[in-house]
1. Of all the residues that make up the stretch 219-242, how many are of a type in the set (Lys, Arg) and under 15 Å from Phe180 (Cα atoms)?
2. Examine the stretch 305-312 for a residue that is farther than 25 Å from Glu177 by Cβ and out of contact with any Leu (no Cβ under 6 Å at 6 or more places or on another chain), and state whether such a residue exists.
3. In the stretch 24-60, which residues are more than 21 Å from the chain's Cα centre (by Cα) and assigned to a loop (DSSP other than H, G, I, E, B)?
4. Only one of (1) of a type in the set (A, V, I, L, M, F, W, C); (2) surrounded by 16 or more Cβ atoms within 10 Å (Cβ to Cβ); (3) not in a strand (DSSP E or B) is not met by Val319, so which one is it?
5. Could you tell me whether Gln98 is open to solvent by 20 Å² or more (accessible area, probe 1.4 Å), in a strand (DSSP E or B) and modelled with pLDDT of 95 or more?
6. Residues of the stretch 304-338 being without any contact (Cβ under 8 Å) to a residue 60 or more places away in the chain, over 18 Å from Lys46 (Cβ atoms) and under 20 Å from the mean Cα position of the chain (by Cα), which ones?
7. I'm checking my understanding of the structure. Among residues of the stretch 56-89 that are touching a Ser or Thr at 6+ places or on another chain (Cβ under 7 Å), closer than 21 Å to Thr206 by Cβ and at pLDDT 95 or above, which one is surrounded by the most Cβ atoms within 10 Å (Cβ to Cβ)?
8. Hey, among the residues in the stretch 271-303 that are in contact (Cβ under 8 Å) with a residue 40 or more places away in the chain and among the small types (Gly, Ala, Ser), which one's most open to solvent (accessible area, probe 1.4 Å)?
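The values are calculated or read from the model by the stated rules, or taken from the named source; none is laboratory data. All of these numbers come straight from a predicted model, not from anything done at the bench. We place every Cβ from the backbone using ideal geometry, glycine too, and count neighbours over all the protein chains shown. The protein model used for the area step is the full one, side chains on, heavy atoms only, and it has no ligands, DNA or RNA in it. Shrake-Rupley method; radii C 1.70, N 1.55, O 1.52, S 1.80 Å.
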Amino acid sequence: MFPTAIAGSLPKPSWLAETHKLWPRWKQQGDALREAKADATLLWIKAQEDAGLDIVGDGEQSRQHFVHGFLEQVEGIDFEHKVKMGIRDNRYDAMVPQVVGPLRLKGRVHAFEARLARAHTRRQLKFTLPGPMTIVDTVADRHYHDRVAMAMAFADLLNQEALALQADGVDVIQFDEPAFNVYMKDAAAWGVQALERAARGLTCTTAVHICYGYGIQANVDWKQTLGQEWRQYEQVFPALAASSIRQVSLECYHSHVPPELMTLLAGKDVMVGVIDVASDTVETPQEVADTIGRALQFVARERLIPCTNCGLAPMDREVARRKLEALGQGAALARERYR
């Protein structure tokens, strides 16, 4: 009961990359960089296990960014001539690569880190991929001139890699779609369809992570404009409930998402965010257990997965480690309290 997991990303150690940044520069190159990525991956797997988490991941240690880490192995994308573009409906500007031709995978994308993680943990292994709609919102299109067509092309590539990750022994494949609560009508109209295309043929557990973003200032400022109730999910959850995706995430702790929206996900496992990623204050086990208790009003206990609200990548490493411990201890307390 209450198997614990993280949304995906974890802070990169200072010897691997810049810290406290969403788009950090690497500190190493070549073979030294590959070795450092492997070391950081193993470090965080051990930290998750020590914290008592049931479902562990690689912490996205081998990726500079959760979207661009995938795109670097895609033909038809120009990384040499990045352009500034407003992403997430112009919430903030980012330097993004350009799609300049037909999209094809150069080969395997994440075999190195997935196989490394699989070889070093006996726990369930989750691996994250960017969702097609979010990729479309994080690149400049100079070729397709059609968001839906480009999303479907990316979905096909994601599906190739997802099937290969499943063959590597990954237990849960999660697609990250923060764009779903920015472009809600598009998400319901074609975003979920693209997501299912990315997941077709998978027999492992499939998941989608939707969120209000990392704890960076641009996201904090945006949340302050959303009022006392954040109801964006209301437009997307019915489409996800009707989809084949098995798990859906949402924020809960320190958010203004009405918890009753979880009832729109009937039949799905729900990754309930019980750890705030926008604050350095470390939750107590009691607070985590209390949040789980509130979620139990709307989610069956066998379907509730305590999780982080979002990734922890820009956070201080020690704070992130302590938050993982709070997650594990809080879930253990909830098992005793609500058994």
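1. To start, the set of residues in the stretch 219-242 that are of a type in the set (Lys, Arg) comprises 223, 231.
The next check asks that each one be under 15 Å from Phe180 (Cα atoms); those that pass are 231.
Of the residues in the stretch 219-242, 1 are of a type in the set (Lys, Arg) and under 15 Å from Phe180 (Cα atoms).
2. Kept after step one, since they are farther than 25 Å from Glu177 by Cβ, are these residues of the stretch 305-312: none.
For the stretch 305-312, residues farther than 25 Å from Glu177 by Cβ and out of contact with any Leu (no Cβ under 6 Å at 6 or more places or on another chain): absent.
3. Result: Lys27, Gln28, Gln29.
4. (2)
5. Details: open to solvent by 20 Å² or more (accessible area, probe 1.4 Å): yes; in a strand (DSSP E or B): yes; modelled with pLDDT of 95 or more: yes.
It is true that Gln98 is open to solvent by 20 Å² or more (accessible area, probe 1.4 Å), in a strand (DSSP E or B) and modelled with pLDDT of 95 or more.
6. None; the set is empty.
7. Restricting to residues being touching a Ser or Thr at 6+ places or on another chain (Cβ under 7 Å), closer than 21 Å to Thr206 by Cβ and at pLDDT 95 or above, the top hit is Asp58.
8. Checking each candidate, the answer is Ala278.
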